[in-house]
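What follows is a short report on a single structure.
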Amino acid sequence: MAVAKPVRVLGALSIALFFFLVFTFVRQPPAIHTPGHEDGQIISKMERDPLLDPIGEPPEPLWRADKYAADNPDSPRINATLLVLVRNEELKDLLPTMRQLEEHWNHKFNYPWTFFNEVPFTDEFKRRTQDLTKAKCNYELIPKEHWATPDWISHELYEESTKILTENDVQYSTKESYHQMCRWNSGMFYHHPALKDTRYYWRVEPKVQFFCDIDYDVFRYMQDHNKTYGFNINLYDAPESIPSLWPETIKFLAAHPEYLHENNAMKWLVDSEARPEHNEKAHGYSTCHFWSNFEIADMEFWRSKAYEDYFNHLDRAGGFFYERWGDAPVHSIALGLFEDVSKIHWFKDIGYNHIPYYNCPNSPKCRGCKPGQFYAGEPWLQREDCRPNWFKYVGTG
């Protein structure tokens, strides 16, 4: 398997730091306590999908759909939005998704939608999306400096690297716009002026499906229960797409050990038992990550000094372009290292599908998916489920 010269050099420079930190963690491992999730439990070996058991709502307090009318200036809504990165030509795929989420949740709470695009939205896009909701819709243009490939990225090195990625069967590696999107989702979106007064967001993508009625304000839940991040699906990544991401992370930790939270998810990040070949190819990283096409999160974490310093380190390393670092592993590694795991929540009650994976709870509030179904397609897709590791090291909360 071919490996680009910059990747080999980077790997060599990182190995010493990697083994130093591994030695440090082995000699005096960071404390990983049983998390303080209200409804969570540790599952040392997942023999039965927890979603087959009856699934209810998260614990109280929960805010119900009272006084949430779209035109009520005194509604209990907090500073939050439904956030969509989408192109005009994806309108046809977005409308069914938007209709489902409005039907199952947002027609009760009327949180605003914020759409982002690197080109202006068409009048048709604006009209047809606004027709689906009583909530306010905002249509925002991404600043060129947030989207464009940075000037420190070498075009020649980028071209050479994409050839190597293609040889290693890394999807979308030749699409510069995909690299730009991953970088924007990792460390740019929350700097947009339209979000300066917004704290929480629910990320939504075209073509995804929602299956369950949600009768509480998810943003209020995050705020009242002191949650930073909510996920739905937990997967392994393709290690060929991120060979230097963990070595760069180790280098960053060596320079900033103060950012490592004592109640971290390090064991989830470095597990080598379930998929040892992934850990080996990713140079110490399990490749487990929260699938970020669904995420409900507090942007104050991304705006923190720890995350900003981490993102800037990664950005300068060039892996968003010379490799195919995605926002999912970048977000997940940062959360797993810098945040208290008790502030990370599994929204098990929200039925969801992004082809080919599912989160389908056993609940009377859900319809259109099979409880406990994880994938649709070939049986090998089951291996991509990293929830067993999360349940083993952190829990089901």
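The values are calculated or read from the model by the stated rules, or taken from the named source; none is laboratory data. Since the model is a prediction, treat every value here as computed from it, not as a measurement. Cβ placement follows ideal geometry from the backbone for every residue including glycine, while neighbour counts extend to all protein chains displayed. Ligands, DNA and RNA are excluded from the accessible area calculation, which covers all protein heavy atoms including side chains. Shrake-Rupley method; radii C 1.70, N 1.55, O 1.52, S 1.80 Å.
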Contact list, first residue from segment 94-118 and among the acidic types (D, E), second anywhere and open to solvent by 10 Å² or more (accessible area, probe 1.4 Å) and assigned to a helix (DSSP H, G or I), beta-carbon distance below 7 Å, six or more apart or interchain, is E118/W147
Hits in segment 62-76 - residues which are under 19 Å from K227 (Cβ atoms) and open to solvent by less than 70 Å² (accessible area, probe 1.4 Å): L62, P76
Across segment 369-397, the tally of residues that are in a loop (DSSP other than H, G, I, E, B) and open to solvent by less than 70 Å² (accessible area, probe 1.4 Å) stands at 12
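Quick check on E323: is it acidic (D, E) and touching a His at 6+ places or on another chain (Cβ under 7 Å)?
Numbers: acidic (D, E): yes; touching a His at 6+ places or on another chain (Cβ under 7 Å): no.
Spelling it out, it is not the case that E323 is acidic (D, E) and touching a His at 6+ places or on another chain (Cβ under 7 Å).
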Mind checking which residues of segment 228-246 are more than 9 Å from F290 (Cβ to Cβ) and not small (G, A, S)? T228, Y236, D237, P239, E240, I242, P243, L245, W246
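Conditions tested, residue by residue: (1) of a type in the set (V, I, T); (2) modelled with pLDDT under 95; (3) in a loop (DSSP other than H, G, I, E, B).
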| residue | (1), (2), (3) |
| --- | --- |
| H33 | no, yes, yes |
| E38 | no, yes, yes |
| L51 | no, no, no |
| P59 | no, no, yes |
| P76 | no, no, yes |
| E89 | no, no, no |
| T97 | yes, no, no |
Subset of segment 176-226, residues open to solvent by less than 20 Å² (accessible area, probe 1.4 Å) and hydroxyl-bearing (S, T, Y), comes to S186, Y190, Y200, Y201, Y216, Y221
Is it the case that F301 is open to solvent by less than 30 Å² (accessible area, probe 1.4 Å), touching a Gly at 6+ places or on another chain (Cβ under 7 Å), of a type outside the set (V, I, T) and modelled with pLDDT of 95 or more? no
So, of the residues in segment 227-274 that are within 16 Å of the chain's Cα centre (by Cα) and among the charged types (D, E, K, R), which turns out to be surrounded by the most Cβ atoms within 10 Å (Cβ to Cβ)? D237
Given the options D327, D298, name the one that is within 14 Å of the chain's Cα centre (by Cα) and either of a type in the set (V, I, T) or within 30 Å of E159 (Cα to Cα) (or both). D327
Can you tell me which of (1) in a loop (DSSP other than H, G, I, E, B); (2) under 26 Å from W147 (Cβ atoms); (3) over 16 Å from the mean Cα position of the chain (by Cα) is the one F321 doesn't meet? (1)
For segment 154-169, which positions are within 12 Å of Y322 (Cα to Cα), surrounded by 16 or more Cβ atoms within 10 Å (Cβ to Cβ) and not hydroxyl-bearing (S, T, Y)? I164, L165
Looking only at segment 119-143, count how many residues are free of Cβ contacts under 8 Å to residues at least 12 places away in the same chain and open to solvent by 70 Å² or more (accessible area, probe 1.4 Å). 3
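Quick test for you: out of A297, A265, A254, pick the one residue that is among the small types (G, A, S) and over 19 Å from D327 (Cα atoms). Walk me through how you get there before you give the answer.
Values: A297 fails: over 19 Å from D327 (Cα atoms); A265 fails: over 19 Å from D327 (Cα atoms).
The match here is A254.
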List every residue pair whose Cβ atoms lie under 8 Å apart, where the two residues are 6 or more positions apart in sequence or sit on different chains, the first residue falls within segment 350-375 and is free of Cβ contacts under 8 Å to residues at least 12 places away in the same chain and closer than 16 Å to P96 by Cα, and the second residue, located anywhere, is assigned to a loop (DSSP other than H, G, I, E, B) and basic (K, R). none
Only one residue in E262, E248, E258 is of a type in the set (D, E) and without any contact (Cβ under 8 Å) to a residue 24 or more places away in the chain, so which one is that? E258
When the residues of segment 304-316 are filtered to those that are buried (at least 18 other Cβ atoms within 10 Å of the Cβ) and either hydroxyl-bearing (S, T, Y) or in contact with a Lys or Arg (Cβ under 8 Å, 6 or more places away or on another chain) (or both), which remaining residue is farthest from K343 (Cα to Cα)? D315
Looking across segment 343-368 at residues that are open to solvent by 30 Å² or more (accessible area, probe 1.4 Å), not aromatic (F, W, Y) and not in a loop (DSSP other than H, G, I, E, B), the single one that is farthest from I214 (Cα to Cα) is K343
Taking segment 159-215 and keeping only residues that are more than 22 Å from A148 (Cα to Cα) and among the acidic types (D, E), one is left with E167, D169, D197, D213, D215
